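Student: One structure coming up, written as structure tokens, with questions to follow.
The values are calculated or read from the model by the stated rules, or taken from the named source; none is laboratory data. If you're wondering where the values come from, they're calculated on a predicted model, not measured in any experiment. Reconstructed Cβ throughout: ideal geometry from the backbone, glycine too, with neighbour counts over all protein chains shown. With ligands, DNA and RNA removed, areas are computed over all heavy atoms of the protein, side chains included. Shrake-Rupley method; radii C 1.70, N 1.55, O 1.52, S 1.80 Å.
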Amino acid sequence: MVIEVATAEGAAARNSRAAVESRPYAPSWLDLVVRAIDAAPGPTWIAYVVIGIAFLLMVNIEGWLTGIPLGSLDPAQSIYALFFLLPLLVYHYQARIAGEAVDSFRPATDLDDNAAAALRYRLTVTPARSALVTSAAAVLINIGWLMVDPAGFQLADKSELYVALRVGSESLLSAAIFVLIFQVLRQMRTIAGLHRAATHVDLIRPAPMHAFARLTSRNALGVIAFAILSGLPLPGIPEATWFTTVVLWTVPMIILGAAVFVLPLRGMNRRLVAERSHWLDNIGLRIHAASDALHRVVDDEAANATDVDASRVAQTRLDGMNKALASLLQERDFVRRLPTWPWDGGTARAVASAIALPILLFLITRVLDRFV
């Protein structure tokens with residue numbers, strides 16, 4: 001009986017340690033929200049439709065408190081519902097892409113199952129304590145931002161209920177965005193470290209090398225989407241307030257989006273460049289050796305020009321040497337064309353287009369303001 005109890009206690013202790021190891025830190029409040037959405041009955045998209053409707057109702061309630069006819073859905077006001085829904089969608093999608101990226105990257109590493117599980121957790125879950133600190137900072141920054149220009153943010157002469165609803169909802173939004181950005185920055189650092197530590201870098205089989213490009217590109221597109229939404233010249237926003245928002249938020253977010261995509265992949269780019277250089281060096285040595293051998297055969301043939309048999313043997317050797325040298329030159333050209341940036345062309349074009357879009361929108365709005 002004592003042995004059975006001891007065995008049971010030992011098993012419980014091992015299970016407890018395993019649980020701690022598999023979850024090195026508690027998940028953030030945003031992770032808990034995402035898990036609740038996953039656990040909701042029915043398809044996930046239904047949960048997001050319900051949440052979107054709730055956000056739509058919330059932002060229109062704000063409009064009703066400012067004089068918009070009760071029960072109507074104001075188009076300009078309704079756009080703000082996207083602000084609240086987008087960070088949740090991006091964070092949820094980001095976590096799924098990060099988990100898939102870990103699985104795709106494993107062939108480039110020597111990670112065992114436990115190490116891979118720990119890495120997946122780190123890339124998909126934000127620490128609770130860090131998220132709380134980040135959220136608190138976001139709330140303070142948001143309140144301070146609104147207090148600097150209450151008239152510009154349409155808070156002056158509004159009811160206390162409206163102000164409380166605006167401050168509360170936008171503080172929640174700011175917290176979600178800041179936690180998302182914090183997790184993106186954590187992912188950038190982790191990905192850069194993984195690329196430096198990769199043990200199997202292969203130019204011919206690039207899939208593991210490109211594993212994290214999908215994640216960094218989606219993170220970049222999410223950040224740029226926030227920039228575009230925040231930079232929209234919506235009705236009712238004073239020109240000075242809009243311009244300040246563009247300068248202090250939209251432009252830095254676009255720059256951050258570009259950095260989120262490129263910087264984590266620079267380490268793998270350097271690894272691939274080094275691998276290609278090493279390969280080209282080896283090919284160069286063989287080309288050098290083949291060229292020297294070819295010269296020796298040519299010299300032997302010249303020295304034995306009157307010997308028919310020796311000349312025939314030399315010609316056969318020359319044909320073989322020429323084919324070998326041609327193959328080496330083709331291999332060198334092939335290796336030179338191998339890409340060293342760890343993404344495909346479509347991914348890079350998508351991010352570049354997203355960066356160009358707000359610039360184009362800005363130019364279009366300026367032209368319309370001038371001629372309309």
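Student: Mind telling me which of the residues 318, 325 ends up being at pLDDT below 85 and either assigned to a loop (DSSP other than H, G, I, E, B) or over 27 Å from the mean Cα position of the chain (by Cα) (or both)?
Tutor: Numbers: 325 fails: at pLDDT below 85.
The unique qualifying residue is 318.
Student: For residue 157, are the conditions met, namely being modelled with pLDDT under 90 and charged (D, E, K, R)?
Tutor: Numbers: modelled with pLDDT under 90: yes; charged (D, E, K, R): yes.
Judged against the criteria, residue 157 is a match.
Student: Mind checking which pairs have a first residue in the stretch 98-123 that is free of Cβ contacts under 8 Å to residues at least 24 places away in the same chain and under 16 Å from residue 185 (Cα atoms) and a second that is β-branched (Val, Ile, Thr) and open to solvent by 70 Å² or more (accessible area, probe 1.4 Å), Cβ under 8 Å, 6 or more apart or different chains?
Tutor: Note: no pairs meet the criteria.
Student: Answer with yes or no whether residue 156 is surrounded by fewer than 16 Cβ atoms within 10 Å (Cβ to Cβ) and in contact with a Pro (Cβ under 7 Å, 6 or more places away or on another chain). Explain how you work it out, then say what you get.
Tutor: Numbers: surrounded by fewer than 16 Cβ atoms within 10 Å (Cβ to Cβ): yes; in contact with a Pro (Cβ under 7 Å, 6 or more places away or on another chain): yes.
So residue 156 fits the description; yes.
Student: Is it true that residue 218 is in contact with a Phe, Trp or Tyr (Cβ under 8 Å, 6 or more places away or on another chain) and within 30 Å of residue 80 (Cα to Cα)?
Tutor: Numbers: in contact with a Phe, Trp or Tyr (Cβ under 8 Å, 6 or more places away or on another chain): yes; within 30 Å of residue 80 (Cα to Cα): yes.
So residue 218 fits the description; yes.
Student: List pairs: first residue in the stretch 173-185 and open to solvent by less than 20 Å² (accessible area, probe 1.4 Å), second residue among the acidic types (Asp, Glu) anywhere in the structure, Cβ distance under 7 angstrom, at least six positions apart or on different chains.
Tutor: That search, which allows pairs on different chains as well, returns nothing.
Student: Checking the condition surrounded by 14 or more Cβ atoms within 10 Å (Cβ to Cβ), within 29 Å of residue 84 (Cβ to Cβ) and over 15 Å from the mean Cα position of the chain (by Cα), which residue from 263, 229, 256, 248 passes?
Tutor: Numbers: 263 fails: over 15 Å from the mean Cα position of the chain (by Cα); 256 fails: over 15 Å from the mean Cα position of the chain (by Cα); 248 fails: surrounded by 14 or more Cβ atoms within 10 Å (Cβ to Cβ).
Criteria check complete, one pass: 229.
Student: Does residue 243 satisfy the criteria of being among the aromatic types (Phe, Trp, Tyr), in a helix (DSSP H, G or I) and in contact (Cβ under 8 Å) with a residue 40 or more places away in the chain? Can you show your working first?
Tutor: On the way: among the aromatic types (Phe, Trp, Tyr): yes; in a helix (DSSP H, G or I): yes; in contact (Cβ under 8 Å) with a residue 40 or more places away in the chain: no.
No; evaluated as a whole, the condition is false for this residue.
Student: Can you tell me which residue among 102, 125, 139 is surrounded by 14 or more Cβ atoms within 10 Å (Cβ to Cβ), over 23 Å from the mean Cα position of the chain (by Cα) and at pLDDT 90 or above? Step through it out loud before you land on a result.
Tutor: Details: 102 fails: over 23 Å from the mean Cα position of the chain (by Cα); 125 fails: over 23 Å from the mean Cα position of the chain (by Cα).
Being surrounded by 14 or more Cβ atoms within 10 Å (Cβ to Cβ), over 23 Å from the mean Cα position of the chain (by Cα) and at pLDDT 90 or above holds for just one of 102, 125, 139, which is 139.
Student: So which residues in the stretch 160-172 are open to solvent by 20 Å² or more (accessible area, probe 1.4 Å) and over 16 Å from residue 140 (Cβ atoms)?
Tutor: Narrowing the stretch 160-172 to residues open to solvent by 20 Å² or more (accessible area, probe 1.4 Å): 160-161, 163-165, 167-168, 170, 172.
Selection gives 160, 161, 163, 164, 165.
Student: Condition first: modelled with pLDDT of 80 or more and among the hydroxyl-bearing types (Ser, Thr, Tyr). Now tell me which residues in the stretch 351-372 satisfy that. Lay out the reasoning, then the answer.
Tutor: Residues of the stretch 351-372 modelled with pLDDT of 80 or more: 351-356.
Passing the criteria: only 353.
Student: Further question on the same structure: Being closer than 30 Å to residue 47 by Cα and either outside any helix (DSSP H, G or I) or free of Cβ contacts under 8 Å to residues at least 60 places away in the same chain (or both), is that true of even one residue in the stretch 82-89?
Tutor: Of the residues in the stretch 82-89, the ones closer than 30 Å to residue 47 by Cα are 82-89.
Going one step further and asking which of them are either outside any helix (DSSP H, G or I) or free of Cβ contacts under 8 Å to residues at least 60 places away in the same chain (or both), we end up with 85, 89.
Checked against the condition, which is being closer than 30 Å to residue 47 by Cα and either outside any helix (DSSP H, G or I) or free of Cβ contacts under 8 Å to residues at least 60 places away in the same chain (or both), the stretch 82-89 yields at least one hit.
Student: Please find, within the stretch 120-137, the residue that is nearest to residue 192 (Cα to Cα) out of those that are touching a Lys or Arg at 6+ places or on another chain (Cβ under 9 Å) and aliphatic (A, V, I, L, M). Explain how you work it out, then say what you get.
Tutor: Keep residues of the stretch 120-137 that are touching a Lys or Arg at 6+ places or on another chain (Cβ under 9 Å), which gives 121-127, 130.
Going one step further and asking which of them are aliphatic (A, V, I, L, M), we end up with 123, 125.
Details: 123: 12, 125: 18 Å.
By that ranking, first place goes to 123.
Student: Residue check: is residue 95 under 23 Å from the mean Cα position of the chain (by Cα), open to solvent by 30 Å² or more (accessible area, probe 1.4 Å) and at pLDDT 90 or above? Quick ask: steps written out before the conclusion?
Tutor: On the way: under 23 Å from the mean Cα position of the chain (by Cα): yes; open to solvent by 30 Å² or more (accessible area, probe 1.4 Å): no; at pLDDT 90 or above: yes.
No; evaluated as a whole, the condition is false for this residue.
Student: Quick one: count up the residues across the stretch 328-350 that are of a type outside the set (D, E, K, R), at pLDDT 90 or above and not in a loop (DSSP other than H, G, I, E, B).
Tutor: 5
Student: Could you look through the stretch 56-71, keep only residues that are free of Cβ contacts under 8 Å to residues at least 12 places away in the same chain and more than 14 Å from residue 161 (Cα to Cα), and pick out the one that is most open to solvent (accessible area, probe 1.4 Å)? Before you say what the answer is, go through the steps one by one.
Tutor: Start the filter on the stretch 56-71 by keeping residues that are free of Cβ contacts under 8 Å to residues at least 12 places away in the same chain, which leaves 57, 64, 67-71.
Next cut, more than 14 Å from residue 161 (Cα to Cα) only: 57, 68-71.
Values: 57: 90, 68: 41, 69: 89, 70: 152, 71: 58 Å².
Among residues in the stretch 56-71 that are free of Cβ contacts under 8 Å to residues at least 12 places away in the same chain and more than 14 Å from residue 161 (Cα to Cα), the one most open to solvent (accessible area, probe 1.4 Å) is 70.
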